[in-house]
1. Being free of Cβ contacts under 8 Å to residues at least 40 places away in the same chain and over 26 Å from F53 (Cβ atoms): is that true of A119 here?
2. From the residues in region 325-344 that are over 17 Å from W252 (Cβ atoms) and modelled with pLDDT under 95, which one is surrounded by the most Cβ atoms within 10 Å (Cβ to Cβ)?
3. Given (1) within 25 Å of P297 (Cα to Cα); (2) modelled with pLDDT under 95, where does A40 come up short, assuming only one miss?
4. Residues of region 177-216 being assigned to a loop (DSSP other than H, G, I, E, B), among the acidic types (D, E) and touching a residue at least 24 places away in the same chain (Cβ under 8 Å), which ones?
5. How many residues does region 263-293 hold that are among the basic types (K, R) and either crowded, with 19+ Cβ neighbours inside 10 Å or at pLDDT below 95 (or both)?
6. In this structure, does K62 turn out to be part of a helix (DSSP H, G or I) and either polar (S, T, N, Q) or in the same structural domain as P12 (by TED's automatic domain parsing) (or both)?
7. Kindly evaluate P233 against the criterion of being in contact with an Asp or Glu (Cβ under 7 Å, 6 or more places away or on another chain) and modelled with pLDDT of 95 or more.
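The values are calculated or read from the model by the stated rules, or taken from the named source; none is laboratory data. Note that the structure is predicted; figures quoted are calculated from it, not measured. Note that each Cβ is placed from the backbone with ideal geometry, even for glycine, and that neighbours are counted across all protein chains shown.
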Amino acid sequence: MGDLLFLAHRIPYPPDKGDKIRSWNILKYVAERAPVHLGAFVDDPEDMKHADFLASVCKSVKLIPMDPKDKLKRAFSGWRKGEALSISLFDDRAMKRWVWDRVKQHDIDRMFVFSSQMAPYALGHTSQGRRTVMDFVDIDSDKFAQYAKESRWPKSWLYAREAKLLQSFEKQVARHVDVSLFVSDAETAMFKRIAGSYAHTVDTLHNGVDLDYFSPSADFTPLGDEAGIGAGPKLVFTGAMDYRPNADAVCWFADAILPLIRKRYPQARFFIVGGKPTPEVQALGSREGIIVTGRVPDVRPYVAAADVVVAPIRIARGVQNKVLEAMAMARPVVATEAAWSGIDAEPERDLLVRDDAAAFAAGVCAVLEDPALGTRLAESGRRQVESRYAWSAQLAKLDGWLGLGAADPKVEAA
């Protein structure tokens, strides 16, 4: 059995945001079973400090920092060529050379490609019996189609262009790889409809949750007064705050939902927890009752302190890890249908699902008013995650797709 090439559009460590949680757990799993060569881009300079750790897990590692100036050049080049910009932004000569060298110098007989942005690096090496698994995670083209519907011209036109070009690219990738993976059954079914015969082998690899780490009994330092925890109900949202669906969610909550809640609970506080908040999100911190934390070393203290974890997502693809993590920590969750739809959980039993602003606010208030309801949702949500979302059960599917052997005990989780 030869080596495995693992390509990711973002460094898969630390696992502090949705895509990195998934890519890290997959990388850790395959590295326990085969020698892995990791190639990835780094969009946050802080993450470069984890290079040595990844080198201890992998046989070789190539990490390339993303320079904003280079991204503009790549975008312009992609525009001139008529390419999807989200693909051209990752067109890098150094990564191409490294991938070529890995394939030429090592016995690589398997490739795992994480996100469509990295597919071009693998497509030239899919022959000669080399098994290639493409993890699309979500249907990015449909995400841009949603952006187009939610935006005004000229952004609507740009997003529509991206959706059309990206969908064509996704179909071609699926045609050339051995297996195409998606994060939910709904995404898998949608791609089969979109891609038709191009989607010759499509399957679902659900996200999981580290049930020991995200546990109400885990060892972490609770929030103190210095975090602005204060009195009154605490409503918490977690996520990368430079991601448009998250920014849209918290702005909608702050504008349309929180005022309704504060009419009944004037001391209610809304905590927006996540790195790189956009200027629009940062501005919310000036409003009474809203705390924008920025990046925190550990989201668990905030989730544990929440009276209600809210997920007012309106633009969504796949599975919302923030919802799974809150359920795993036995906190009551109120979510929109978009935030819940990819998750195997039953509304009213495991969480509350409310779509319009008034109904969402009423759902939050119902939990605040009825401690027994909050406890029931929290306990049921934890049980559902335990039964459905353990990483070990999900990742075992990779053994067949990649022809992996038994785990090597020398590779340990961080």
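1. Working: free of Cβ contacts under 8 Å to residues at least 40 places away in the same chain: no; over 26 Å from F53 (Cβ atoms): yes.
Considered against the rule, which asks whether it is free of Cβ contacts under 8 Å to residues at least 40 places away in the same chain and over 26 Å from F53 (Cβ atoms), A119 comes out as no.
2. I343
3. Result: A40 passes all but (2).
4. Pass one, region 177-216, residues assigned to a loop (DSSP other than H, G, I, E, B): 177-178, 183-184, 199-201, 205-208, 210-216.
If we keep only those that are among the acidic types (D, E) as well, we get 178, 210, 212.
The answer is D178, D210.
5. Within region 263-293, the subset among the basic types (K, R) is 263-264, 269, 276, 287.
Imposing the further condition that a residue be either crowded, with 19+ Cβ neighbours inside 10 Å or at pLDDT below 95 (or both) reduces the set to 269, 276.
Total satisfying the criteria: 2.
6. Working: part of a helix (DSSP H, G or I): no; either polar (S, T, N, Q) or in the same structural domain as P12 (by TED's automatic domain parsing) (or both): yes.
It is false that K62 is part of a helix (DSSP H, G or I) and either polar (S, T, N, Q) or in the same structural domain as P12 (by TED's automatic domain parsing) (or both).
7. Working: in contact with an Asp or Glu (Cβ under 7 Å, 6 or more places away or on another chain): yes; modelled with pLDDT of 95 or more: yes.
Against the criterion (in contact with an Asp or Glu (Cβ under 7 Å, 6 or more places away or on another chain) and modelled with pLDDT of 95 or more), P233 qualifies.
Per-residue answers, yes or no, for (1) modelled with pLDDT under 95; (2) in contact with a strand residue (DSSP E or B) (Cβ under 8 Å, 6 or more places away or on another chain):
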{"residue": "V99", "(1), (2)": "no, yes"}
{"residue": "V113", "(1), (2)": "no, yes"}
{"residue": "Q117", "(1), (2)": "no, no"}
{"residue": "Y121", "(1), (2)": "no, yes"}
{"residue": "G124", "(1), (2)": "yes, no"}
{"residue": "S151", "(1), (2)": "yes, no"}
